[in-house]
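Just below is one structure, and these are the notes that go with it.
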Amino acid sequence: MTAAGVTTVDPAADPHVGVGRPGRRWADLIRTGLSVGVAVALVVLLVRHRTMLDAGSDSVAGADLAWIGLAAAGTVLLWTAGTVSQLGSVRPRLPLFRLFAVQVAATFANHVLPGGSGGLAVNVRFLRRYGLSRGEAVGAVALNMAAGGVTHTALLLVALVAAPDVLTAALGPGAPERLVGHQHSWQLAAVLAVPLAGLLVWAVRRWGARAARHVRAQLAVLSAVVRTPRRAAQLWGGSLAVPVLHCLTLYAVLLSLGGGVPFLPVALAYLAASSVSALVPSPGGFGALDVALVAGLVAVGTPSATALATVLAYRLLTVWLPLVPGACVLAVLLRRRVI
(Lines give C-alpha, C1' and ligand atoms only; values in the text may rest on other atoms or scores of the structure.)
Protein backbone atom coordinates (compact mmCIF):
# COMPACT_ATOMS: atom_id res chain seq x y z
CA MET A 1 0.00 0.00 0.00
CA THR A 2 1.40 3.44 -0.91
CA ALA A 3 0.41 6.97 0.02
CA ALA A 4 2.00 9.75 -2.04
CA GLY A 5 5.09 7.68 -2.70
CA VAL A 6 5.47 6.49 0.92
CA THR A 7 5.27 2.77 1.45
CA THR A 8 3.22 1.58 4.40
CA VAL A 9 2.72 -1.79 5.93
CA ASP A 10 -0.57 -3.45 5.06
CA PRO A 11 -1.23 -6.00 7.80
CA ALA A 12 -3.79 -7.79 5.64
CA ALA A 13 -1.16 -8.47 2.99
CA ASP A 14 1.63 -9.47 5.36
CA PRO A 15 2.60 -13.06 4.50
CA HIS A 16 4.03 -13.57 7.99
CA VAL A 17 0.72 -12.91 9.74
CA GLY A 18 -2.06 -15.22 8.68
CA VAL A 19 -5.73 -14.61 9.35
CA GLY A 20 -6.01 -17.52 11.70
CA ARG A 21 -2.57 -17.35 13.30
CA PRO A 22 -2.09 -16.56 16.99
CA GLY A 23 -0.05 -13.41 16.25
CA ARG A 24 -2.92 -11.89 14.31
CA ARG A 25 -5.47 -12.86 16.98
CA TRP A 26 -3.34 -11.35 19.76
CA ALA A 27 -2.91 -8.13 17.74
CA ASP A 28 -6.68 -7.89 17.26
CA LEU A 29 -7.27 -8.48 20.97
CA ILE A 30 -4.74 -5.81 21.92
CA ARG A 31 -6.29 -3.25 19.57
CA THR A 32 -9.77 -4.10 20.82
CA GLY A 33 -8.55 -3.67 24.39
CA LEU A 34 -7.02 -0.30 23.54
CA SER A 35 -10.26 0.85 21.91
CA VAL A 36 -12.23 -0.18 24.99
CA GLY A 37 -9.63 1.56 27.16
CA VAL A 38 -10.17 4.79 25.22
CA ALA A 39 -13.91 4.63 25.90
CA VAL A 40 -13.34 3.91 29.59
CA ALA A 41 -10.83 6.77 29.89
CA LEU A 42 -13.32 9.16 28.27
CA VAL A 43 -16.07 8.18 30.73
CA VAL A 44 -13.69 8.50 33.71
CA LEU A 45 -12.55 11.97 32.62
CA LEU A 46 -16.10 13.19 32.12
CA VAL A 47 -17.26 11.82 35.48
CA ARG A 48 -14.26 13.10 37.45
CA HIS A 49 -14.60 16.62 36.06
CA ARG A 50 -18.39 16.84 35.80
CA THR A 51 -18.47 19.87 38.12
CA MET A 52 -16.17 21.81 35.80
CA LEU A 53 -18.22 20.67 32.81
CA ASP A 54 -21.43 21.95 34.41
CA ALA A 55 -19.81 25.28 35.28
CA GLY A 56 -18.41 25.66 31.75
CA SER A 57 -21.79 24.83 30.23
CA ASP A 58 -23.44 27.47 32.41
CA SER A 59 -20.87 30.04 31.26
CA VAL A 60 -21.45 29.24 27.59
CA ALA A 61 -25.24 29.29 28.04
CA GLY A 62 -25.12 32.95 29.08
CA ALA A 63 -22.66 34.05 26.38
CA ASP A 64 -23.04 35.71 22.98
CA LEU A 65 -23.41 32.76 20.59
CA ALA A 66 -21.80 34.59 17.66
CA TRP A 67 -18.50 34.96 19.53
CA ILE A 68 -18.81 31.42 20.89
CA GLY A 69 -19.18 30.17 17.31
CA LEU A 70 -15.97 31.95 16.34
CA ALA A 71 -14.21 30.44 19.35
CA ALA A 72 -15.41 26.96 18.34
CA ALA A 73 -14.08 27.55 14.82
CA GLY A 74 -10.74 28.47 16.35
CA THR A 75 -10.65 25.08 18.09
CA VAL A 76 -11.04 23.28 14.75
CA LEU A 77 -8.36 25.49 13.21
CA LEU A 78 -5.99 24.39 16.00
CA TRP A 79 -6.12 20.83 14.59
CA THR A 80 -5.42 22.24 11.14
CA ALA A 81 -2.42 24.22 12.38
CA GLY A 82 -1.05 21.11 14.11
CA THR A 83 -1.43 19.16 10.87
CA VAL A 84 0.45 21.78 8.87
CA SER A 85 3.35 22.02 11.33
CA GLN A 86 3.70 18.22 11.48
CA LEU A 87 3.80 18.12 7.67
CA GLY A 88 6.76 20.48 7.72
CA SER A 89 8.72 18.32 10.16
CA VAL A 90 9.01 15.28 7.86
CA ARG A 91 10.51 14.76 4.43
CA PRO A 92 7.90 12.36 2.94
CA ARG A 93 4.53 13.64 1.85
CA LEU A 94 1.90 12.23 4.19
CA PRO A 95 -1.84 11.78 3.51
CA LEU A 96 -3.38 15.04 4.66
CA PHE A 97 -6.74 13.74 5.89
CA ARG A 98 -5.20 10.93 7.92
CA LEU A 99 -2.65 13.28 9.47
CA PHE A 100 -5.49 15.64 10.44
CA ALA A 101 -7.34 12.71 12.03
CA VAL A 102 -4.18 11.83 13.97
CA GLN A 103 -4.05 15.37 15.40
CA VAL A 104 -7.68 15.05 16.52
CA ALA A 105 -6.86 11.73 18.20
CA ALA A 106 -3.71 13.20 19.75
CA THR A 107 -5.73 15.84 21.60
CA PHE A 108 -7.53 13.07 23.49
CA ALA A 109 -4.29 11.21 24.22
CA ASN A 110 -2.74 14.42 25.56
CA HIS A 111 -5.49 14.65 28.17
CA VAL A 112 -4.92 11.11 29.39
CA LEU A 113 -1.11 11.17 29.71
CA PRO A 114 0.93 14.07 31.21
CA GLY A 115 3.26 16.50 29.52
CA GLY A 116 1.94 15.97 25.99
CA SER A 117 3.36 12.44 25.94
CA GLY A 118 0.10 10.98 24.67
CA GLY A 119 0.03 13.10 21.53
CA LEU A 120 3.73 12.44 21.00
CA ALA A 121 3.17 8.68 21.13
CA VAL A 122 0.22 8.84 18.70
CA ASN A 123 2.17 10.91 16.15
CA VAL A 124 5.28 8.75 16.44
CA ARG A 125 3.23 5.60 15.89
CA PHE A 126 1.56 7.12 12.83
CA LEU A 127 4.89 8.13 11.30
CA ARG A 128 6.29 4.67 11.95
CA ARG A 129 3.37 3.15 10.03
CA TYR A 130 4.31 5.32 7.05
CA GLY A 131 7.82 4.06 6.73
CA LEU A 132 9.88 6.29 9.02
CA SER A 133 12.35 4.67 11.38
CA ARG A 134 11.87 5.12 15.11
CA GLY A 135 14.65 7.71 15.27
CA GLU A 136 13.22 9.66 12.32
CA ALA A 137 9.69 9.58 13.75
CA VAL A 138 10.78 10.69 17.22
CA GLY A 139 13.03 13.35 15.69
CA ALA A 140 10.20 14.72 13.53
CA VAL A 141 7.81 15.00 16.49
CA ALA A 142 10.56 16.51 18.67
CA LEU A 143 11.34 19.05 15.95
CA ASN A 144 7.67 19.99 15.77
CA MET A 145 7.53 20.43 19.55
CA ALA A 146 10.76 22.46 19.55
CA ALA A 147 9.39 24.78 16.86
CA GLY A 148 6.25 25.23 18.96
CA GLY A 149 8.32 26.14 22.00
CA VAL A 150 10.39 28.65 20.03
CA THR A 151 7.38 30.40 18.50
CA HIS A 152 5.55 30.47 21.83
CA THR A 153 8.52 32.05 23.58
CA ALA A 154 9.02 34.54 20.74
CA LEU A 155 5.37 35.62 20.91
CA LEU A 156 5.62 36.03 24.68
CA LEU A 157 8.68 38.27 24.32
CA VAL A 158 6.99 40.31 21.57
CA ALA A 159 3.90 40.78 23.76
CA LEU A 160 6.05 41.90 26.71
CA VAL A 161 7.93 44.41 24.54
CA ALA A 162 4.73 45.67 22.92
CA ALA A 163 2.90 46.14 26.24
CA PRO A 164 5.40 46.76 29.08
CA ASP A 165 2.78 48.80 30.95
CA VAL A 166 0.59 45.69 31.20
CA LEU A 167 3.31 43.83 33.11
CA THR A 168 3.91 46.81 35.40
CA ALA A 169 0.20 47.12 36.13
CA ALA A 170 -0.07 43.38 36.79
CA LEU A 171 2.75 43.48 39.32
CA GLY A 172 1.23 46.53 40.97
CA PRO A 173 2.78 49.79 42.20
CA GLY A 174 6.07 49.51 44.00
CA ALA A 175 6.85 46.06 42.60
CA PRO A 176 10.61 46.68 42.10
CA GLU A 177 10.91 48.02 45.66
CA ARG A 178 9.06 44.99 47.04
CA LEU A 179 11.32 42.59 45.16
CA VAL A 180 14.51 44.30 46.36
CA GLY A 181 13.22 44.49 49.92
CA HIS A 182 12.77 40.74 50.33
CA GLN A 183 16.25 40.12 51.73
CA HIS A 184 15.36 36.83 53.35
CA SER A 185 14.00 35.52 50.06
CA TRP A 186 17.23 36.42 48.31
CA GLN A 187 19.28 34.77 51.06
CA LEU A 188 17.20 31.60 50.78
CA ALA A 189 17.61 31.63 47.02
CA ALA A 190 21.38 31.97 47.40
CA VAL A 191 21.50 28.99 49.79
CA LEU A 192 19.40 26.85 47.44
CA ALA A 193 21.51 27.89 44.47
CA VAL A 194 24.55 25.97 45.75
CA PRO A 195 23.06 22.45 45.66
CA LEU A 196 21.16 23.28 42.48
CA ALA A 197 24.39 24.36 40.80
CA GLY A 198 26.05 21.13 41.93
CA LEU A 199 23.15 19.12 40.54
CA LEU A 200 23.42 21.00 37.25
CA VAL A 201 27.15 20.29 36.99
CA TRP A 202 26.56 16.60 37.72
CA ALA A 203 23.79 16.41 35.09
CA VAL A 204 26.00 18.08 32.47
CA ARG A 205 28.84 15.65 33.18
CA ARG A 206 26.45 12.68 33.20
CA TRP A 207 24.34 13.45 30.12
CA GLY A 208 26.13 16.39 28.50
CA ALA A 209 27.76 14.45 25.65
CA ARG A 210 24.55 12.61 24.78
CA ALA A 211 22.53 15.84 24.90
CA ALA A 212 25.10 17.59 22.70
CA ARG A 213 24.85 14.83 20.09
CA HIS A 214 21.07 15.07 20.18
CA VAL A 215 21.18 18.86 19.78
CA ARG A 216 23.58 18.59 16.83
CA ALA A 217 21.29 16.04 15.19
CA GLN A 218 18.25 18.26 15.69
CA LEU A 219 20.12 21.28 14.33
CA ALA A 220 21.06 19.26 11.23
CA VAL A 221 17.40 18.35 10.71
CA LEU A 222 16.35 21.94 11.30
CA SER A 223 18.87 23.22 8.76
CA ALA A 224 17.47 20.76 6.20
CA VAL A 225 13.98 22.10 6.90
CA VAL A 226 15.10 25.71 6.55
CA ARG A 227 16.70 24.95 3.18
CA THR A 228 13.32 23.66 1.92
CA PRO A 229 10.97 26.66 1.66
CA ARG A 230 7.80 24.56 1.62
CA ARG A 231 8.70 22.63 4.76
CA ALA A 232 9.97 25.74 6.54
CA ALA A 233 6.72 27.58 5.83
CA GLN A 234 4.66 24.63 7.06
CA LEU A 235 6.69 24.04 10.21
CA TRP A 236 7.03 27.63 11.37
CA GLY A 237 3.66 28.82 10.04
CA GLY A 238 1.76 26.01 11.75
CA SER A 239 3.75 26.37 14.97
CA LEU A 240 3.11 30.12 15.05
CA ALA A 241 -0.59 29.67 14.33
CA VAL A 242 -1.20 27.43 17.37
CA PRO A 243 -0.57 30.00 20.17
CA VAL A 244 -2.13 32.78 18.09
CA LEU A 245 -5.31 30.72 17.65
CA HIS A 246 -5.40 29.98 21.37
CA CYS A 247 -5.14 33.72 22.13
CA LEU A 248 -7.88 34.55 19.61
CA THR A 249 -10.15 31.79 20.93
CA LEU A 250 -9.72 32.98 24.52
CA TYR A 251 -10.38 36.57 23.46
CA ALA A 252 -13.53 35.58 21.56
CA VAL A 253 -14.83 33.80 24.67
CA LEU A 254 -14.03 36.85 26.80
CA LEU A 255 -15.93 39.13 24.38
CA SER A 256 -18.88 36.73 24.39
CA LEU A 257 -19.15 37.27 28.16
CA GLY A 258 -18.93 41.06 27.93
CA GLY A 259 -15.25 41.46 28.81
CA GLY A 260 -13.79 44.80 27.77
CA VAL A 261 -10.06 44.11 28.04
CA PRO A 262 -8.01 44.78 24.85
CA PHE A 263 -6.60 41.84 22.91
CA LEU A 264 -2.89 42.36 23.65
CA PRO A 265 -3.19 42.06 27.47
CA VAL A 266 -5.35 38.95 27.05
CA ALA A 267 -2.78 37.41 24.69
CA LEU A 268 -0.03 38.24 27.17
CA ALA A 269 -2.05 36.62 29.97
CA TYR A 270 -2.52 33.43 27.95
CA LEU A 271 1.11 33.18 26.81
CA ALA A 272 2.42 33.75 30.34
CA ALA A 273 -0.09 31.38 31.97
CA SER A 274 0.55 28.57 29.50
CA SER A 275 4.31 28.99 29.97
CA VAL A 276 3.96 28.73 33.75
CA SER A 277 1.57 25.77 33.59
CA ALA A 278 4.02 23.90 31.35
CA LEU A 279 6.26 23.56 34.42
CA VAL A 280 3.57 21.30 35.95
CA PRO A 281 3.20 18.38 33.50
CA SER A 282 -0.39 17.45 34.31
CA PRO A 283 -2.57 15.81 31.64
CA GLY A 284 -4.07 18.58 29.52
CA GLY A 285 -2.83 21.18 31.98
CA PHE A 286 -5.73 20.33 34.32
CA GLY A 287 -5.58 22.60 37.34
CA ALA A 288 -2.30 24.36 36.58
CA LEU A 289 -3.42 26.15 33.40
CA ASP A 290 -6.87 26.94 34.79
CA VAL A 291 -5.51 28.65 37.91
CA ALA A 292 -2.73 30.46 36.05
CA LEU A 293 -5.10 31.67 33.33
CA VAL A 294 -7.67 33.03 35.78
CA ALA A 295 -4.89 34.82 37.67
CA GLY A 296 -3.47 36.21 34.43
CA LEU A 297 -6.82 37.57 33.25
CA VAL A 298 -7.48 39.19 36.63
CA ALA A 299 -3.99 40.71 36.58
CA VAL A 300 -4.63 42.44 33.24
CA GLY A 301 -7.89 44.00 34.43
CA THR A 302 -10.64 41.40 33.94
CA PRO A 303 -13.16 41.20 36.81
CA SER A 304 -12.62 37.98 38.78
CA ALA A 305 -16.11 36.61 38.06
CA THR A 306 -15.73 37.26 34.32
CA ALA A 307 -12.23 35.78 34.32
CA LEU A 308 -13.44 32.57 35.95
CA ALA A 309 -16.39 32.25 33.57
CA THR A 310 -14.11 32.94 30.59
CA VAL A 311 -11.63 30.23 31.56
CA LEU A 312 -14.40 27.70 32.20
CA ALA A 313 -16.02 28.38 28.81
CA TYR A 314 -12.64 28.43 27.04
CA ARG A 315 -11.66 25.08 28.54
CA LEU A 316 -15.06 23.62 27.67
CA LEU A 317 -14.59 24.58 24.01
CA THR A 318 -10.92 23.64 23.65
CA VAL A 319 -10.71 20.59 25.94
CA TRP A 320 -13.99 18.98 26.98
CA LEU A 321 -16.06 19.16 23.80
CA PRO A 322 -13.15 17.93 21.59
CA LEU A 323 -12.65 14.95 23.93
CA VAL A 324 -15.60 13.05 22.44
CA PRO A 325 -14.57 13.29 18.75
CA GLY A 326 -10.94 12.79 19.78
CA ALA A 327 -11.78 9.54 21.57
CA CYS A 328 -13.91 8.29 18.67
CA VAL A 329 -11.24 9.09 16.08
CA LEU A 330 -8.53 7.47 18.21
CA ALA A 331 -10.60 4.28 18.52
CA VAL A 332 -11.19 4.18 14.74
CA LEU A 333 -7.50 4.74 13.97
CA LEU A 334 -6.57 1.90 16.31
CA ARG A 335 -9.10 -0.46 14.75
CA ARG A 336 -7.96 0.40 11.21
CA ARG A 337 -4.28 0.05 12.14
CA VAL A 338 -3.45 3.61 11.12
CA ILE A 339 -1.55 3.95 14.40
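The values are calculated or read from the model by the stated rules, or taken from the named source; none is laboratory data. Since this is a predicted model, take the numbers as computed values, not measurements. Counting neighbours? That spans all protein chains shown, and the Cβs are built from the backbone with ideal geometry, glycine included.
Within region 294-309, the only residue that satisfies the criterion of being surrounded by fewer than 18 Cβ atoms within 10 Å (Cβ to Cβ) and in contact (Cβ under 8 Å) with a residue 60 or more places away in the chain is Gly301.
Residues in region 250-273 that are over 24 Å from the mean Cα position of the chain (by Cα) and β-branched (Val, Ile, Thr): Val261 only.
Looking at (1) over 22 Å from Leu99 (Cβ atoms); (2) crowded, with 21+ Cβ neighbours inside 10 Å; (3) in contact (Cβ under 8 Å) with a residue 24 or more places away in the chain, which is the only condition Ser275 fails? With respect to (1) over 22 Å from Leu99 (Cβ atoms); (2) crowded, with 21+ Cβ neighbours inside 10 Å; (3) in contact (Cβ under 8 Å) with a residue 24 or more places away in the chain, Ser275 is out only on (2).
Answer yes or no as to whether Gly69 is more than 16 Å from the chain's Cα centre (by Cα), of a type outside the set (D, E, K, R) and within 19 Å of Arg129 (Cα to Cα).
For Gly69, the condition - more than 16 Å from the chain's Cα centre (by Cα), of a type outside the set (D, E, K, R) and within 19 Å of Arg129 (Cα to Cα) - is not met.
Of the candidates Thr310, Thr306, Thr302, the single residue that is touching a helix residue (DSSP H, G or I) at 6+ places or on another chain (Cβ under 9 Å), farther than 30 Å from Gly88 by Cα and not in a helix (DSSP H, G or I) is Thr302. Of the residues making up region 72-97, those that are in contact with a Leu (Cβ under 8 Å, 6 or more places away or on another chain) and assigned to a helix (DSSP H, G or I) are Ala72, Gly74, Thr75, Leu77, Leu78, Ala81, Thr83, Ser85, Gln86, Leu87, Gly88, Leu96.
Selection of first residues in region 68-82 that are more than 16 Å from Cys247 (Cβ to Cβ) and of second residues that are buried (at least 18 other Cβ atoms within 10 Å of the Cβ) and among the charged types (D, E, K, R), restricted to Cβ pairs under 7 Å at least 6 apart or on distinct chains, gives an empty result. When Leu264 is tested against (1) surrounded by fewer than 17 Cβ atoms within 10 Å (Cβ to Cβ); (2) in contact with a helix residue (DSSP H, G or I) (Cβ under 8 Å, 6 or more places away or on another chain); (3) modelled with pLDDT under 85; (4) part of a helix (DSSP H, G or I), exactly one condition is not met: (3).
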